[in-house]
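K.L.:
The structure is given below, and queries will be raised subsequently.
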Amino acid sequence: MIFPLSIVSLLGLVCIALLASPYPFLAPGVVLGLVGFAVLYRKPTWGLLGIAALVPFEGFFKDSSFSGSKLLGAGLAVILMLQLALHQIPSERLRSNIWRYLIWFMVLYFLSMLNTDDLGMSLGHLRELSVGLILFVITLLIGRDLNLDLFARLVTLAVSTTCAMAMFSAKFQDQGRAAGLLEDPNAFAMLIAFAVPMGLLLVIRSPNTLHRLFWGGCCLLLLGGMTKTESRSGLVVLALSLLIGCWHYRSQLTHIRPRHLGFAMLGAAIVIPLAIYAMPAGYMARIQSLSILSAGSKAQDESLGRRASYIVVGSQMIRENPLLGSGPGTFPLHYATTGYAKAFSANRKIGDLYRRAHNTYLEIFSELGVPAGLLFVGMLALGLYNLIRARAAWMLRRDAYQADLMTHLGVSFLSLTLFLMFLSAPNQKYVWIMLALTSVLRLKAEQAALTTEARA
């Protein structure tokens, strides 16, 4: 504790110096920073929980160089480095089966940067990605101590709060579509799809009716927010998530009595017509456009046409540079030179021509090359497999409580991986937190199984 105490003493001296300076109003900030440092040093998991809870509110600080999330992340990173140096956290916690893919992915990433078409754009992409990488390491170090129930509560509350704001205030909408505090309704839909499985878990685990009603209300806000986003991809991902959840609880469906089925049918008869009535007309038109596309007709929807142009441009980039791509973050540069950019530009402004792929996988394959793209997909697939193995280990121990938790976290993570097909978000914080958490949870489950066998 000698080194941390020296930092505390230094901050104290800075505080005294500020009080004697022409800027005494800065001294309370130092005191608050000192208190925050002490709290995070004792409870580093609180910092990670705070970062997770602040993700839906990051739009408040989009124009600021400093935000609560950035300060928490920077402070937490410094504290964990200190604790690693002082051996207060065992370095073995950094072990993860994800590294075998991530290391080679980063090697190819830097090789692609050496061959990039625009170094400035690539450096900007690296700065964005570095946030996710730091969160990955942080989660590996303290994920074992993370209160997962509290994590689910905070994420559900944070996202449902922004849903309420977006549903009842035009200030948090984009041309009538709910965007929360984010600029893109689809990015907001991604957060909702991530939170819904956790919200349903809280409903199932509620100890009494009052708690069940509260978390049920949060789930209704999430569903209402998803409808308000008018996101077609969100609807597809959410439906798939609910189907997987039903499959997990299939054994419990046999306990449903006829009276329960009657109440369910009555509820459906009330809720479904109300949901259809409340659904925006524009959303219905967007959903119908999907059916037209699946039938093989030529799509008249501008959004679908624009996304098809991204695929055409991305495929051409892959053919031209299959090994290392055109460089991180350079997809907009290539798209801007095509006729598609002018055709789908809303205002013909220069900035509107430089569009991202709105598909993380396509973006990585085209910017970094096929090998790096396969490694990225492999990372996410391994993360899903980790949660499947963790669930199987808990099921083997007949621990339904932990198995249910693995299922809901797995569905949330699956929602993120599916949404990456519709968004350019390689630095999305929940993706990297969950990716690291998958390996941590698998290790905990397998170690618990081994301990049980040893005792037997």
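K.L.:
Looking at this structure, is ILE103 among the hydrophobic types (A, V, I, L, M, F, W, C), on the phi < 0 side of the Ramachandran plot and in a loop (DSSP other than H, G, I, E, B)?
P.N.:
No; evaluated as a whole, the condition is false for this residue.
K.L.:
Residues of segment 397-412 being part of a helix (DSSP H, G or I) and either crowded, with 16+ Cβ neighbours inside 10 Å or in contact with a helix residue (DSSP H, G or I) (Cβ under 6 Å, 6 or more places away or on another chain) (or both), which ones?
P.N.:
Correct list: GLN402, ALA403, ASP404, LEU405, MET406, THR407, HIS408, LEU409, GLY410, VAL411, SER412.
K.L.:
Would you mind finding the one in GLY327, GLY378 that is modelled with pLDDT of 90 or more and surrounded by fewer than 20 Cβ atoms within 10 Å (Cβ to Cβ)?
P.N.:
From the options GLY327, GLY378, the qualifying one is GLY378.
K.L.:
Check segment 392-409 and report whether any residue there is aromatic (Phe, Trp, Tyr), in contact (Cβ under 8 Å) with a residue 12 or more places away in the chain and under 30 Å from LEU108 (Cα atoms).
P.N.:
No, segment 392-409 contains no residue that is aromatic (Phe, Trp, Tyr), in contact (Cβ under 8 Å) with a residue 12 or more places away in the chain and under 30 Å from LEU108 (Cα atoms).
K.L.:
Here are some conditions: (1) assigned to a helix (DSSP H, G or I); (2) farther than 20 Å from LYS429 by Cβ; (3) without any contact (Cβ under 8 Å) to a residue 24 or more places away in the chain. GLN88 meets all but one. Which one does it not meet?
P.N.:
With (1) assigned to a helix (DSSP H, G or I); (2) farther than 20 Å from LYS429 by Cβ; (3) without any contact (Cβ under 8 Å) to a residue 24 or more places away in the chain applied to GLN88, the lone miss is (1).
K.L.:
For segment 205-320, which helices (runs of 4 or more DSSP H) that fit wholly inside it have 3 or more residues that are within 22 Å of the chain's Cα centre (by Cα) and modelled with pLDDT of 85 or more?
P.N.:
Of the helices (runs of 4 or more DSSP H) lying wholly inside segment 205-320, those with at least 3 residues that are within 22 Å of the chain's Cα centre (by Cα) and modelled with pLDDT of 85 or more span 209-229.
K.L.:
Count, please, the residues in segment 419-430 that happen to be touching a Leu at 6+ places or on another chain (Cβ under 7 Å) and not in a loop (DSSP other than H, G, I, E, B).
P.N.:
2
K.L.:
Working only within segment 217-238, note down all residues that are of a type outside the set (A, V, I, L, M, F, W, C), in contact with a Phe, Trp or Tyr (Cβ under 7 Å, 6 or more places away or on another chain) and over 16 Å from LEU304 (Cα atoms).
P.N.:
Hits for segment 217-238 are THR227, THR229.
K.L.:
Tally up the residues in segment 366-376 that are touching a Ser or Thr at 6+ places or on another chain (Cβ under 9 Å) and in a helix (DSSP H, G or I), please.
P.N.:
Result for segment 366-376: 6.
K.L.:
Looking only at residues that are in contact with a Cys (Cβ under 8 Å, 6 or more places away or on another chain) and at pLDDT 90 or above in segment 168-199, which one is nearest to LEU148 (Cα to Cα)?
P.N.:
Once the filter is applied, the top-ranked residue is GLY199.
K.L.:
Can you tell me which residues in segment 175-187 are without any contact (Cβ under 8 Å) to a residue 60 or more places away in the chain and in a helix (DSSP H, G or I)?
P.N.:
Within segment 175-187, PRO185 is the sole residue that qualifies.
K.L.:
Okay, moving on. Does VAL196 fit the bill of being part of a helix (DSSP H, G or I), within 27 Å of GLY50 (Cβ to Cβ), out of contact with any Leu (no Cβ under 8 Å at 6 or more places or on another chain) and of a type in the set (A, V, I, L, M, F, W, C)?
P.N.:
It is false that VAL196 is part of a helix (DSSP H, G or I), within 27 Å of GLY50 (Cβ to Cβ), out of contact with any Leu (no Cβ under 8 Å at 6 or more places or on another chain) and of a type in the set (A, V, I, L, M, F, W, C).
K.L.:
Could you tell me whether segment 58-67 includes any residue that is in a helix (DSSP H, G or I) and under 23 Å from LEU435 (Cα atoms)?
P.N.:
Yes, segment 58-67 has at least one match.
K.L.:
Oh, and also: Please go through segment 361-406 and pick out each residue that is polar (S, T, N, Q) and under 20 Å from SER241 (Cα atoms).
P.N.:
Within segment 361-406, ASN386, GLN402 qualify.
K.L.:
Mind listing whichever residues of segment 112-125 are buried (at least 16 other Cβ atoms within 10 Å of the Cβ) and assigned to a helix (DSSP H, G or I)?
P.N.:
Hits for segment 112-125 are SER112, MET113, MET121, SER122, HIS125.
The values are calculated or read from the model by the stated rules, or taken from the named source; none is laboratory data. Note that the structure is a prediction, hence the values are computed from the model and not measured. Virtual Cβ from ideal backbone geometry, glycine too; neighbours counted across all protein chains shown.
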